[in-house]
Structure formats: structure tokens, C-alpha cells
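Okay, so here's the structure we're looking at.
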Amino acid sequence: MPVKIDIFNEIQDPRPWADDHEHVRIAQALEQAELADASGYGCWWQVEHHGAEEFSLSSAPELFLAALSQRTSRIRLGHAAVLAPREINHSIRIAERAAMLDQLSGGRAEIGLTRSVPPEWRLFGVDPDVVRDRTQDAFEAVPKMWTGDTTASGGVRVIPSPYQHPHPPLWQAASSPASFEEAGRRGVGVLGMTLWEPLERVERLVKLYRAAAAECASPVGSFVNDQVAFFTFVHCAETDEEAMRGGAAAAAAWYTARALTFFEAADAFMETMAREQALRDDPSGGGLAGEFLRAEAASGAGPSPATLVIGRILQGETVPDDEVYEALSAQDSLIVGSPETCRKKLRAYADLGVDRLMCFQQVGALPHESVLNSIRLVGGLIPEFDV
């Protein structure tokens, strides 16, 4: 099956820091994006995080993407994803900024929304009990504002309108079966935001989303954006050995540790486990997500090597870089190796029915030249998949 090859970017900035480290990292990201545009990638997805320090400099993705709109000609520009609680990004500002980006880029904008995470809720004074409702409000309000409906903006017409008609595609960031179902029922595309899913589970999540999207009769936008995107770590070099020993293992370990810290994953992990166990215990509840989890349990699927390593890190253990890499790469969800190895792993995602694969290439302390080389090498494979 065809699959669009995209890029996902955090602007990661690991220590040690030189005096001009932020300027250097941002300039490098611009250069990487220009190369991606020239190399045939489908979309550049820019994350939004606040107070993330080493993990992400991307606190103003709308500005970065606006700059890209003037330095690129064909690559689509994705905000993955706007933090939707109104205390962080009011729906009117989301609609305005996205429409302006769409105008500046000549209709290349893709817009995702997400609930955000606890450290960002605290930073902006968001009540955790209302984030789900706030996110639903944004999903309902923004497309109305884009199409001139003033009921969600106090009677005031939000301007400009988008360049795309009726509006840019809408997406939702998702990391659990329940959120995949939620995205499908809303009629928005789903952005699978994790490195740690075995491919067998990715396939089941794709089917779960498709089933939910098929039942969507009233999408929040003007159309159902029936698309599945997944992001994973991608690093391509001339040989497998060069890719694996040239910084990929250390980058995977660094990212894992920083992600768990920034997202406060221990609490989130326990909350998710409790919620999913409740769905497994309910013989008929939880909708499609409940059916998904009960079928998974009945199949005897146990924790993956990656899950076990993550659990060790959550408990405070220092896991060697190579062991982290081996655990993650064992499930074939990471794409690291020579062009031939990467071709095979890209094909595995395409065969699962994933519409867009977001290649996470600027990770940790991987040298800028290595990232550029990886972008070029993967770019050489794109014509085989985007058909």
C-alpha cells in the first residue's frame, strides 16, 4: 500500500550548551526542513511544547512554520499538535493562526489538536478535570470559525479564512486505544504519537480507528479526514553498523529518558493502566476501545521488551544505551539502518495501512550532518512508497 513519508520535529537541544545553542538548533531545523522539501517528503510536522528545555525548543511552532512557508514550495506544514485547552491556546487564536499559516503557505497547512500534558497544564493554570471538555470545545469551534460560522466566537467573524476550502485537514494526537477511537468518532485524522508500540499493536490501532471513523456521521469539521499517521524514530546511514553505532542507540535512550521525565510518564502510565484495566474488566463497556483491550488480553499478548525497559526506567534504574536500543529495535517499530533495512521497515508500516509515517530524525545529540544524511537517504526511498 502507498504511504506518505513525512518528518516530525521537536527541535531537541541536549546539553552541554554553547552560548548560541538555541540559535544553532533553530537554524539547523530550518536547513533540515528545506532539505526535506527538496527531497520529496510529504509534510513537516512541528510539535508544540512549553518549558521543555532539552526535550524541545518548539514553543512557538506557528512562527517556525510561518518561516517555513516562505522557505519551502511544496511540503505541507503540520502543527502536531496545538495544545487545545483555552488557557493555553484560545480557540479563536487557534483558528486565526492556522488560517494565516494556510494563507502564507498557499494552502499547505495541516492542524492537529491535543489535550497537552500535566506540566503544561500547571504552567498555564489549566484544571486537569476540564481538559477533555476544553479539547472537545476546540474541535467543535475551530472548523466553525474557519467556515464563517460566528456562533462559536460571540457573533464576531474570525479572519482570515483559510486558503484551503472548506478548511485545512484536522487531526488529533493519540496514544491510547480510547483516544484512537475518539479521533475516529470525531472524524479527524489520528496522529499516533509514540515510539513504543509493537507493529502488531499498531495494526490493531489502525483497525480500531478505521472502525470508529466509519461510524462517524457528524464530523466536527466539514469532512471526515480518514487518515492514520504514526511517528517513529528513523535514522538511515550507509550501513546498518554505521546507523546503529553512529549515535542512534544513545539518541533512542536519551529520548526515552527525557520523554518519560517531561511527560511525567510514571503517573500517566499508572492512570492509563488503571483505565484500561477497568475496560478489560467490563464485559460489555468501553465501546470499540473496550473490545480492543479485551481481545488483546484474550490473545495472551504480554508486555513487549520495550515496555519492560520503560518500566525499569520509571523505577529509577539506569539502563545502558545499547540495552534500550536493543529492546526498542526488537519490536521493529524503530527504523534504523542502511537504506535497504529502512526500506523493509518502511514497507512494514505501509502494509499495516498507515497513511502517513512521520520520521522523527533530529533526535538527541545526533550530529546535524548525520541528520541531513539520513533525510537524504530516506528521501531517496520516497518514490517507492508515495505512489
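Could you give the nm distance between label points at Asp281 and Glu31, where each point is 7 Å from its Cα heading toward the beta carbon?
In this crude label model, Asp281 to Glu31 measures out at 5.5 nm.
In Å², what does the accessible area per residue of the chain work out to with a 1.4 Å probe?
41
Determine the gain in length on full extension of the stretch Ala330-Glu384; use 0.36 nm per residue of separation and subtract their C-alpha separation, reporting nm with one decimal.
Result: 16.9 nm gained on full extension.
Quick check: pseudo-label points 7 Å beyond the Cα along Cα→Cβ at Ser73 and Arg132, how many nm apart are they?
For Ser73 paired with Arg132, the spin-label model returns 4.8 nm.
Can you list the equivalent-ellipsoid semi-axes of the stretch 1-114, largest first and in whole Å, using the square root of 5 times each Cα gyration tensor eigenvalue?
Sorted largest first and rounded, they come to 21, 20, 13 Å.
Name the residue, out of Ser175, Ser218, Ser329, whose mean-square fluctuation peaks in a Gaussian network model built on the chain with Cα pairs under 10 Å.
Ser218
Mind checking which of Ala18, Ala248, Ala173 has the largest fluctuation in a GNM of the chain, springs on alpha carbons under 10 Å?
Of Ala18, Ala248, Ala173, the most mobile in the Gaussian network model is Ala18.
What does the accessible area of Lys144 come to, in Å² to the nearest 10, when a probe of 1.4 Å is used?
80
Give the percent of DSSP beta bridges with both residues in the chain that are antiparallel, rounded to the nearest 5.
Around 0 percent antiparallel, to the nearest 5.
Go ahead and run the numbers for FRET between Glu317 and Ser218, Cβ-Cβ distance against an R0 of 56 Å, rounding to 0.05.
With a Förster radius of 56 Å, E is 0.75.
Which ³J(HN,Hα) values, rounded to whole Hz and listed in residue order, are derived for the stretch 116-124 from phi using the Karplus coefficients 6.51, -1.76 and 1.60 in 6.51 cos²θ - 1.76 cosθ + 1.60 with θ = phi - 60°, glycine and proline given as x?
With the stated coefficients, the stretch 116-124 comes to 6, 9, x, x, 7, 4, 5, 4, 9 Hz.
So the label point goes 7 Å from the Cα of Glu22 along Cα→C-beta, right? Which residues of the stretch 56-73 then have their backbone N under 15 Å from it?
56-61, 63-64
Of the residues Gly155, Gly353, Gly51, which exhibits the maximal mean-square fluctuation in a Gaussian network model of the chain defined by a 10 Å Cα contact cut-off?
The residue with the greatest mean-square fluctuation here is Gly155.
How large is the convex hull of the C-alpha atoms of the stretch 310-349 per residue, in Å³?
62
Counting helices only, and only those DSSP H runs with n ≥ 4, report the 222 nm mean residue ellipticity of the chain as the sum of -39,500 (n - 2.57) divided by its residues, in deg cm²/dmol to the nearest 500.
Calculated at 222 nm, the ellipticity per residue is -15000 deg cm²/dmol.
Lysines within cross-link reach of Lys345: Cα-Cα under 23 Å, excluding same-chain residues under 8 positions apart?
Lys4, Lys207
Quick one: which residues, 5+ away or cross-chain, put their amide H under 5 Å from the amide H of Val82? H built at 1.01 Å from N.
The list, which skips near neighbours in sequence, is Gly112, Leu113, Thr114.
At 1.4 Å probe size, with no ligands or nucleic acids counted, give the accessible surface of Asp129 in Å², nearest ten.
Asp129 exposes around 130 Å² with every protein chain in place.
Could you list which residues have their amide H under 5 Å from that of Ser58, counting only those 5 or more apart in sequence or on another chain, with H placed in the peptide plane?
When sequence neighbours closer than 5 places are left aside, the close amide H contacts are His49.
How far apart, in nanometres, would the label points at Ser153 and Ala365 be if each is projected 7 angstrom from Cα along the Cα-to-Cβ direction?
4.8
How big, on average over all directions, is the shadow cast by the Cα convex hull of the stretch 329-379, in nm²?
Details: hull surface 15.3 nm².
So the mean shadow area of the Cα hull is 3.8 nm².
The values are calculated or read from the model by the stated rules, or taken from the named source; none is laboratory data. What you see is a predicted model, and the numbers here were worked out from it, not measured in a lab. Positions of Cβ are backbone-derived with ideal geometry, glycine not excepted, and every protein chain shown enters the neighbour counts. For accessibility, only protein heavy atoms count, side chains too; no ligands or nucleic acids. Shrake-Rupley method; radii C 1.70, N 1.55, O 1.52, S 1.80 Å.
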